[in-house]
Every structure is written in structure tokens, then in C-alpha cells.
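**Student:** Below: one structure in C-alpha cells.
The values are calculated or read from the model by the stated rules, or taken from the named source; none is laboratory data. Remember, predicted model here, so these are calculated numbers, not experimental data. Quick reminder, even Gly has a Cβ in these numbers, built from the backbone with ideal geometry, and neighbours come from all protein chains shown.
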Amino acid sequence: MHNYRCFSHILISLTLLMGSHNLYAQDSHHRQAVSIDYLDGSSNLQGTRLAYRPYTTDVFEIPIIGQSRLYWEASVNFWKTENNFFDDASWALALSPVFVKKLTDIDQRYPLFLEFGIGVSYVHDEKFAGRDIGSNYQFEDRIGFILGLDKENRNQVFIRYMHYSNGGFNTKNPGLDFLSLGYSYHF
């Protein structure tokens, strides 16, 4: 219980700190966003992921990659096995910095982006869905594509691959893999 409280206090503090930057944002790209994902994963895991993005940074240069943006995302994940919701269910909290690179505009109206990032997460149950993931603390890796549905980029759909792993800090590290389909709204 102590670990959960400590992690939740850190997550809340970082979210508030990141959110305070939004008060000074002048650029239209400095919008907050909410998103919802459907997750389909390894070991017959399925789930839902709810996320909040307090802000997005200005464009900056990353060597080799070029002009990119960075957003921070706090999320809560609910996972269950396909066969038995009550016995094999868990949840996770995560905080991730995510880099976004614009690739092109489809039909000159729909921007297409590449996103990638590595964050941290707290998984409530170390053992669930017939697996021992080795630790409650995991890394949350992602790579995916985002498609803007309007010129203002307020509505987006995305597909991403997500991987949870304790990074080898424990001898038990089977990892969890998910394919995620989702929608985000910027305001």
C-alpha cells in the first residue's frame, strides 16, 4: 500500500507541474487532450486505457529525426482476460513523455504523425492473467501512428503498439504486449 501511495503522489505532482506550464501557452498547439483506447494484448488480455495530456511543447529539433513535438501523458489502464473478468483483472497507472513527428498530410487535409515514447507505470497486480510480471513497476513503451481528422487537429485517431516490461530489473520479466486503437480530442 505504501508503494501505491508514493507512486500516486509522484504521478499527481508531475501532472500538476506539467499542467501549470499550460497556463503560459500561447500557441494553438498547446492544447490539452483526452483519449480513450481499446487494448488487445498478449495472454488473451483486453482492456481500456483513459489518458490525459496536460500540454504539448513547441516544435524542436531532434538529431536525425528532425522537427518534433513532445507531449506528456498520464493514463489509467484497465485490463482483463478474455475468459474471466473477475479473477484475472488488473489496472495500471502510467506517466509517459511521448515524441511526435509529423510525416505528411494525406489529401492535404489529414496530418499523419509518428509517435514514440518510454514512460513508467505502476501495475496493481504483479501476478494476473496467468503471468508473474516480476514487479509492480514497469516501463511503458510505445510506437504508433496518429491521423488528424480535421485541419485544427482537434480530433485524432491512432493505432499503436505498447509494451510493458520491468526492464530486466527482476528475473521474471515476460512483458505484456498490446495493440491499441484509440481516439483523442484536443481542447
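**Student:** Select from segment 48-103 the residues that are under 15 Å from I146 (Cβ atoms) and modelled with pLDDT under 90 and list them in ascending order.
**Tutor:** Selection gives T56 alone.
**Student:** For E115, only one of the following conditions fails: (1) without any contact (Cβ under 8 Å) to a residue 40 or more places away in the chain; (2) under 25 Å from V59 (Cβ atoms). What is its number?
**Tutor:** Going through the list (1) without any contact (Cβ under 8 Å) to a residue 40 or more places away in the chain; (2) under 25 Å from V59 (Cβ atoms), E115 breaks only (1).
**Student:** Another question, then. For segment 104-116, enumerate the residues that are at pLDDT 95 or above and of a type in the set (A, V, I, L, M).
**Tutor:** Across segment 104-116, the qualifying residues are L112, L114.
**Student:** Being in contact with a Ser or Thr (Cβ under 9 Å, 6 or more places away or on another chain), touching a residue at least 60 places away in the same chain (Cβ under 8 Å) and outside any strand (DSSP E or B) is the filter here; which residues of segment 33-74 pass it?
**Tutor:** Hits for segment 33-74 are S43, N44.
**Student:** Test each condition in (1) free of Cβ contacts under 8 Å to residues at least 24 places away in the same chain; (2) touching a His at 6+ places or on another chain (Cβ under 7 Å) for N153 and report the one that comes out false.
**Tutor:** Single failed check for N153: (1).
**Student:** Let me ask you something else. If I filter segment 117-136 down to residues being hydrophobic (A, V, I, L, M, F, W, C) and at pLDDT 95 or above, which single residue comes out as farthest from K151 (Cα to Cα)?
**Tutor:** Looking at residues that are hydrophobic (A, V, I, L, M, F, W, C) and at pLDDT 95 or above, I get V123.
**Student:** Still on this structure: Can you tell me which residue in segment 89-109 is nearest to the chain's Cα centre (by Cα), limited to those that are farther than 21 Å from R53 by Cα and surrounded by 14 or more Cβ atoms within 10 Å (Cβ to Cβ)?
**Tutor:** Among those residues, the one meeting the criterion is S90.
**Student:** Filter segment 136-158 for residues that are of a type in the set (A, V, I, L, M, F, W, C) and surrounded by 17 or more Cβ atoms within 10 Å (Cβ to Cβ); which is nearest to I36 (Cα to Cα)?
**Tutor:** Only one residue fits best here, namely F158.
**Student:** Then there is this: Check Y183, Y161 and return the single one that is farther than 28 Å from I64 by Cα, exposed (fewer than 15 other Cβ atoms within 10 Å of the Cβ) and not polar (S, T, N, Q).
**Tutor:** Only one candidate qualifies: Y183.
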